[in-house]
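Okay, structure first, notes after.
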Amino acid sequence: MSAYAVRLTPGLASGPFRLLVPGTVKGHPRPVVSVPTNNPTYREIVRAELTRRGLTGAKVNVLGVTRTDLDGNGTQEVILEAAHFAGRQGLDPPPVGMPGDYSLLLLRQVMNGRVVTTVLGEHLAPRTPWDPGSDQPMPMATLYRLAGIADLNGDGRMEVVTFGAYYEGYALDVNEWRSGSGLKSRLQGGCGV
């Protein structure tokens with residue numbers, strides 16, 4: 001087995017995520033491109049998605065924009081990462097988010113001539129602060145990120161690896177993308193309480 005990494009600028013390739021593929025597999029049969037996060041179009045897509053979910057006026061914080069043709073059909077898909085947790089940075093969200101905190105991982109694709117957004121991961125903090133003395137279960141904050149895109153099994157379609165972290169654990173999920181039927185989880189792993 002060999003280590004394979006693609007440096008994306010800006011992006012997470014220099015961060016904590018690495019994908020390993022067998023040396024006989026071409027991990028990236030098509031280019032994977034990081035797009036600047038300050039692009040007004042992508043910021044507006046995130047703002048619209050937050051508004052659709054009831055978070056009007058939320059701080060738009062785009063963490064990553066990645067573009068690639070996942071399935072080899074000649075049309076590129078875009079994966080958007082956005083999150084805001086008051087007073088937090090990095091991969092460790094707070095135990096419970098405050099009102100206005102969120103994490104979104106979105107996939108944009110063209111289907112039948114229309115642009116469609118698929119939610120790959122989402123966390124929206126409660127609209128009112130959680131009361132630890134109440135009988136309500138703790139709404140744990142989760143940060144969703146793109147961990148990588150690569151053809152991990154050599155079939156010519158690239159898998160999407162997602163990362164989810166909460167204050168006492170994390171999970172990685174390898175997903176196979178099929179245009180028209182979306183993502184199907186193929187392998188999961190993680191640890192935590």
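The values are calculated or read from the model by the stated rules, or taken from the named source; none is laboratory data. What you are looking at is a predicted structure, and each value in this text was computed from that prediction instead of being measured. Cβ coordinates were reconstructed from backbone atoms using ideal geometry, including for glycine residues, and neighbour counts include every protein chain displayed. Protein only, heavy atoms only, side chains kept; ligands, DNA and RNA dropped before computing areas. Shrake-Rupley method; radii C 1.70, N 1.55, O 1.52, S 1.80 Å.
Is it the case, given these coordinates, that Met111 is open to solvent by 60 Å² or more (accessible area, probe 1.4 Å) and touching a residue at least 40 places away in the same chain (Cβ under 8 Å)? Taking the combined requirement at face value, the residue does not satisfy it.
Selection of the range 118-163 for residues being farther than 21 Å from Phe85 by Cα and open to solvent by less than 20 Å² (accessible area, probe 1.4 Å) yields Gly148, Ile149, Ala150, Asp151, Met158, Glu159, Val160, Val161. Taking the range 152-169 as the range and being closer than 25 Å to Gln89 by Cα and either in contact (Cβ under 8 Å) with a residue 60 or more places away in the chain or of a type outside the set (Ser, Thr, Tyr) (or both) as the test, the residues that pass are Val160, Val161, Phe163, Gly164, Ala165, Tyr166, Tyr167, Glu168, Gly169. Filtering the range 31-47 to residues that are farther than 20 Å from Gly72 by Cα and surrounded by 12 or more Cβ atoms within 10 Å (Cβ to Cβ) leaves Thr37, Asn39, Tyr42, Arg43, Ile45, Val46, Arg47.
Scanning the range 42-92 for residues that are in a loop (DSSP other than H, G, I, E, B) and either over 25 Å from Ile149 (Cβ atoms) or touching a residue at least 12 places away in the same chain (Cβ under 8 Å) (or both) yields a count of 21.
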